[in-house]
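Asks: Before we start, here is the structure in question, set down as structure tokens.
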Amino acid sequence: MEEKERDKLLGIKTVGIREWVNNNHYNRYEATPYKALDVLFENYKFIDINRVVDFGCGRGRVSFYLHNRFNLPVIGIEANNKTYEEALENKISYGLKTKHTTAPVEFKCSLAQHYKIDKKDNCFYFFNPFSVHIFRKVVDNILHSAEKDCRKLDLILYYPTREYEEFLENSTPFKIVDEIRIPGEIDKREKFIIYRLREEFLYKDI
């Protein structure tokens, strides 16, 4: 089923690419392919997840897909004003199309590093939305939240950059718990990597 047809089932419009103008830290908007999302959600079941934060959510495809499939609270963070407005428009049409879901789906127009991590946020999704410089700040915010409110935390990276991987593996208490490849794809980066906060970080002060 083509991307536009899958969008139509959810009552949204997320197809297309939008480049940033004069911005060296935020990457272009491009939605995660539905084919890839299907593979992810066949393998990762969102057990014990209280709320998912979709950083660089764009027009909201991941947020709506996840919300519709698992009925989980989701919040999308988007820095581009125009793209954020399109996500809000999609939220209206999505609500008319899918009335069976009860969990909240929200969007916030904000720089990722300025988003205040809530204690109920414990799963974070990234499709290379910004430079590793910003990614470091976001992960630091996540870790500060975990220090304040001890809980299981997962990071989901799609098509991860080497810079993201090296930072997480060499400079953070996150460990890889799963690597999910997309069947039929030749590009080795067409995959998801699931990182989880190490238990020793959670209980280091006990």
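All of the numbers you see were taken from the coordinates with simple rules; none came from a lab. Here the structure is a predicted model, which is why all the values come from computation and not from measurement. Cβ coordinates were reconstructed from backbone atoms using ideal geometry, including for glycine residues, and neighbour counts include every protein chain displayed.
Asks: Using DSSP to call loops (not H, G, I, E or B), can you name the chymotrypsin sites (Phe, Trp or Tyr not before Pro) in the stretch 105-206 whose Cβ has at most 15 other Cβ atoms within 10 angstrom?
Replies: TYR203
Asks: Separate question: Expected output is a single nm value to one decimal: the length gained when fully extending between PHE46 and LEU88, i.e. 0.36 nm times separation in residues minus the C-alpha distance. What is it?
Replies: Separation in residues times 0.36 nm, less the Cα-Cα distance, equals 12.7 nm.
Asks: In degrees between 0 and 90, to the nearest 10, how far off the longest principal axis of the chain does helix 61-70 point, with axes built from Cα atoms?
Replies: Its long axis makes an angle of about 80 degrees.
Asks: Across the chain, where is the longest run that never hits GluC sites (Glu not before Pro) in a DSSP loop with at most 16 other C-beta atoms within 10 Å?
Replies: By the stated rule (loop sites, at most 16 other Cβ atoms within 10 Å), 20-184.
Asks: Sticking with this structure for a sec: So if the hydrodynamic radius of the stretch 3-202 is defined as the Kirkwood radius over C-alpha pairs, what does Stokes-Einstein give as its diffusion coefficient at 25 °C and 0.890 mPa s, in µm² per second?
Replies: 144
Asks: Kindly work out what percent of the DSSP beta bridges joining two residues of the chain are antiparallel, to the nearest 5.
Replies: DSSP beta bridges in the chain are roughly 45 percent antiparallel.
Asks: Cα-Cα over 24 Å: which of LYS91/LYS116; LYS4/LYS99; LYS148/LYS175; LYS91/LYS137?
Replies: LYS91/LYS137
Asks: Relative contact order, percent, of the chain when contacts are C-alpha pairs under 8 Å separated by at least 6 residues?
Replies: Normalised by residue count, the contact order of the chain is 19 percent.
Asks: Hey, another quick one. How much length, in nm to one decimal, is gained on full extension between SER131 and LYS116, taken as 0.36 nm per residue of separation minus their Cα-Cα distance?
Replies: 3.5 nm
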